[in-house]
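See below for the structure under consideration.
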Amino acid sequence: MQLPNDNRVILAVGAGLAILAAVVLALLFMGGGGERKAAPAEEPDANAGLTVDVADAPELQPTRELRCFVDGQFVGMATLADCAERNGLATDGLDVGLDSSGNLAAAPTASFAPPPELPATDADGGNPQPVDVTANPQPSQEPRVQRAGGAPCLRYAGSEWRQLSGNVSLNECVQALYAGVCVGPGEAQYGRHGNLTLRLVPRRVEQSNDNTRFRVLADQDRSCQFPGLG
């Protein structure tokens with residue numbers, strides 16, 4: 001008569017073990033699922049870091065101080081308005097950007113690189129013409145004819161003018177001179193297209209008919225390119 005009771009005990013213990021195993025497995029699955037759901041939460045932070053453009057200067061607040069240059073010399077930290085006053089200029093007369101050390105700086109436009117003297121002209125009053133060493137050394141009696149819309153393109157480097165091309169459009173000249181090139185606050189690079197002086201300053205290229213008064217020709221983007229010129 002004891003055997004049935006033993007069977008019931010064994011069955012009861014077995015059922016209890018089965019229930020316990022089921023609870024443990026459920027907890028394990030729920031815990032694993034929680035870990036799997038938590039992992040993707042890290043992705044937005046990683047992606048957000050990729051959108052930061054370290055080459056872009058931070059927005060300048062009126063009270064924010066930056067490195068100020070006067071006559072090409074660093075004179076200390078100052079707000080943009082104070083730096084402009086020290087230079088005797090309006091606020092928009094300063095170039096603002098990141099200097100070579102990565103700090104925010106302001107300086108008068110092209111204060112470190114004033115316009116160079118104009119290149120020597122040829123007998124016709126134009127710009128220097130390229131020399132073709134393979135051509136016939138005998139002077140040609142035919143007048144030079146320039147294609148419509150084209151003009152010589154020159155770069156000023158190493159204290160001299162160097163011709164890049166004899167006949168290109170203004171946009172082509174700007175691209176050849178400055179595409180992919182950026183300069184810092186107060187710096188400038190110069191070129192010529194026909195009778196125009198071209199000047200690259202931070203975030204833009206300018207043009208001048210008299211080598212003194214410059215006006216904006218095209219804006220430069222963060223990649224040092226000129227999307228507006230095509």
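The values are calculated or read from the model by the stated rules, or taken from the named source; none is laboratory data. From a predicted model like this one, the values you see are computed outputs, not experimental measurements. What goes into the accessible areas is simple: the full protein's heavy atoms, side chains included, and nothing from ligands, DNA or RNA. Shrake-Rupley method; radii C 1.70, N 1.55, O 1.52, S 1.80 Å.
Ranking SER208, SER111, SER159 from most to least accessible surface, computed with a 1.4 Å probe over the protein chains only, gives SER159, SER111, SER208. Full extension of the chain segment joining ASP219 with ARG204 gains 5.0 nm, where the gain is 0.36 nm per residue of separation less the Cα-Cα distance.
Annotation: LEU164 carries an accessible surface of approximately 80 Å², with a 1.4 Å probe and no ligand, DNA or RNA atoms counted. Within the full protein context, the accessible area of ARG67 is estimated at about 60 Å² for a probe radius of 1.4 Å.
Computed extension length for LEU89-MET77: 2.6 nm, one decimal, from 0.36 nm per residue of separation with the Cα-Cα distance subtracted. Remark: accessible surface ordering of GLU160, GLU85, GLU206 (largest first) is GLU85, GLU160, GLU206, probe radius 1.4 Å.
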